[in-house]
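Student: Handing you a structure now.
Read-outs throughout are calculated quantities, based only on the coordinates presented, and are distinct from any laboratory measurement. Everything numeric here is computed off the predicted structure, so don't read it as measured data. Cβ coordinates were reconstructed from backbone atoms using ideal geometry, including for glycine residues, and neighbour counts include every protein chain displayed.
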Amino acid sequence: MNSLVQRRILPWRSPSSSARSFSSTPLLCLIQPVSSLPDRVSPSYIQRPSNNLLSLQWPSPPRNILITKKKRTPGITSSLIEYVTHLSSTYPSINIILEPTSAAEIHAHLPFPVYTYDEPARTSVPAHLSDKTDLVCTLGGDGTILRASSLFSHAATVPPILSFAMGTIGFLGEWKFKEYKRAFREVYMSGASDAYANLSFPSPSLTSTPPTSPSDPLDKPLSYADIRGMSMGSNRTARILLRNRLKVGVFGPDGIRINTTSHPGDTYALNEVIVHRGSSPHLKIIDVFVGGRFLTEAVADGMIISSPTGSTAYSLSSGGSIVHPLVPSLLLTPICPRSLSFRPLVLPAETPITLRLGAKNRGREVEVSIDGKRISEGIGVGMEVRVLGEEVKSETGEWRGGVPSIVRGVEGLEEREEDHWVGGLNALLKFNYPFGDQDGER
């Protein structure tokens, strides 16, 4: 455990303990290890009969909430404090998990303990986090969502992600932060009321954090009566867009896997994997294999293999197609190719793609990055990147894998299908907008 967390972890007794303290000393703010939390609660995803989105259904209420935020942004830090204070006062059984830097930054402002983990190595993920996290909340832009997803890059399943758009680019972000009370309650209550029928909720302690706005009904601490009276029912569940990931294996010239140090198997990527020339001034010669067959010898600055979600990122800037996130596919896009005839390709998700650094390269090394995180550098001739689309539905019809993104509904029109991807094209990419005021020129 890193020294920062170790210095702050001290024994903590629940306010409900029978031992009573008469000390006037303020409550000690603590940072606890994530390994001490109860095991993860995994929800089910049910196919909605009227559209392509899924319904979120909890077997029991989520307890362990991981919150990530955009770094070095004071305004978002204050919003994080407001958010976790609301969750602690309104949902007494919830545990807050923060990234190590965020936990060190704000724990002194909170009258309750928070949980965190040790910073992992560059090619690894935090220990215990995937086994303990029920729900992920992000405060920031698309980069914050990618960073949250990368914390589960070696896990077969990712917890649902509730994202608040507070960054520069919000193509993946769904909710405005001012809606956080309604958004979280909608997720927390999602599913049939039977999931909550036999539960007992702890009574708020006298030492608990007071509600942020006592007059707001969404700040009232929950009890079973509240659950029973406010249950959304089986027809008003939170909506899930399941985003397919890539399964990526990076192998050195000797055939040894180099994309992970502590977890066997592939790395999962939400956006893309990139093979690029890095600081080398020379074009790279990359042999491309599709479905096990040689396709071409690409001469370019690099190659991008992206998921449909990543189609609006680096791939789009390199001339790649825009693909709807519900289309199971892989995108193969060259970066500044020498040949004008090399066009971007869209392939079935189950088609394996291999990129191999050819023997003809003048610059003998390349760099590989997965979702913006550099995996390695200085890999020589014979290095291979092998990519396959992730399967998100089992043979029995059960939805699994992917990144379950909680989609923002239209208040009062929850059952109406709304394609947020189309809205993102119009609002963020200004898709097919005309130049200038054409009406004024007539």
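Student: What is the packing order of peptides 327-334, 315-322, taking the mean over residues of other C-beta atoms within 10 Å and listing the highest first?
Tutor: Details: 327-334: 22.0, 315-322: 18.0.
Top of the packing list down: 327-334, 315-322.
Student: Moving to a separate point now. Sticking with the crude label model, points 7 Å out along Cα→Cβ, report the distance from Thr296 to Leu428 in nm, one decimal please.
Tutor: About 2.9 nm separates the two model spin labels.
Student: Right, another one. Determine, from the Cβ-Cβ distance of Glu82 and Lys360 and an R0 of 51 Å, the FRET efficiency 1/(1 + (r/R0)^6), rounded to the nearest 0.05.
Tutor: 0.35
Student: Using a Förster distance of 35 Å, how high is the FRET efficiency between Ile169 and Arg343, based on the Cβ-Cβ distance and rounded to 0.05?
Tutor: Working: r = 26 Å, r/R0 = 0.75.
FRET efficiency, Ile169 to Arg343: 0.85.
Student: Sort 384-393, 249-258 for me by packing, meaning the mean count of neighbouring Cβ atoms within 10 Å per residue, highest on top. Before the final figure, lay out the partial values.
Tutor: On the way: 384-393: 19.8, 249-258: 14.4.
With the highest mean Cβ count within 10 Å placed first, the list reads 384-393, 249-258.
Student: How do the peptides 143-149, 168-174 rank, highest first, by the average count of neighbouring beta carbon atoms within 10 Å per residue? List each step's numbers first, then the result.
Tutor: Working: 143-149: 22.9, 168-174: 19.7.
Per-residue mean Cβ counts within 10 Å order the peptides as 143-149, 168-174.
Student: Which of Gly291, Leu242, Thr267 sits closest to the plus end of the dipole of region 237-307, meaning its Cα is farthest towards the positive end, when Lys and Arg get +1 and Asp and Glu get -1 on the C-beta?
Tutor: It is Leu242.
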